[in-house]
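One structure is given below, encoded as structure tokens.
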Amino acid sequence: MLEAAARGKGISTRVRGIAVDGSFWYPRFPKLKTLVPDHVILAWPEFKIDGTWVPVSELYGSLGEMAICGIGFTNEGGETLFDAIGRTAVDWDGATGGQCDLSAVVSDCLGYFDSRDELFRTQGQTLAWLPRKIADGIMSRRSAAGAR
């Protein structure tokens, strides 16, 4: 939704394709581990602000500034990566070395794409049809904060 809102205001967007080790998602979906593939493709949004591409994880401050808070991302319960970016760094490249250095779970950087549709069209879906339908059904009933 953030990408659509940005485009609606004339801000260019793109996504960075990141292949994340499937085990990263186990704490979030402990009962669905068997449905999580070995690698999950993540579309990480970026926004062109003042001529510079800014990752969604740096909309509230630089990774260095955000890493100071020291809370990190637990990937448990209802918190999503997108909830975490408002209070902590989400670092896919190991730039901070802090609690939100998620570089160890990145199995491949897939490049930049004009949209998440282009990313998934060129890289494919990582979930098979049945697990994707189950995950869509579960996630569509959960708010971003896990309340419901």
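Return the loop-located GluC sites (Glu not before Pro) in the stretch 14-114 (DSSP other than H, G, I, E, B) with at most 16 other Cβ atoms within 10 Å of their own Cβ; answer none if there are none.
Glu76, Glu79
Given contacts defined as C-alpha pairs under 8 Å and at least six residues apart, what's the relative contact order of the stretch 2-139, whole-number percent?
Normalised by residue count, the contact order of the stretch 2-139 is 29 percent.
Loop only by DSSP, 14 or fewer other Cβ within 10 Å of the Cβ. Give me the chymotrypsin sites (Phe, Trp or Tyr not before Pro) in the stretch 36-111 that pass, ordered by residue number. Kindly include the intermediate steps, with their values, before the conclusion.
Working: sites: Phe47, Trp53, Tyr60, Phe73, Phe82, Trp92; in loops: Tyr60, Phe73, Trp92.
Here the chymotrypsin sites (Phe, Trp or Tyr not before Pro) that fit, given the DSSP loop and packing criteria, are Tyr60.
Given the peptides 115-122, 28-35, arrange them by the average over their residues of other C-beta atoms within 10 Å, most packed first.
115-122, 28-35
Between Met1 and Asp114, what is the FRET efficiency for a Förster distance of 22 Å, r being their Cβ-Cβ separation, to the nearest 0.05?
Working from the Cβ atoms, E equals 0.80.
Project the alpha carbons of the stretch 2-139 onto their principal axes and report the range along each, largest first, in whole Å.
42, 33, 25
Given the C-alpha centroids of the stretch 1-61 and the stretch 73-130, what is the distance between them in whole angstrom?
Cα centroid of the stretch 1-61 versus Cα centroid of the stretch 73-130: 5 Å apart.
Read-outs: derived from the displayed coordinates by stated rules, not from any lab. No experiment lies behind these values; they were computed from the predicted model shown. In this analysis, Cβ positions are derived from the backbone assuming ideal geometry, glycine residues included, and neighbour counts consider all displayed protein chains.
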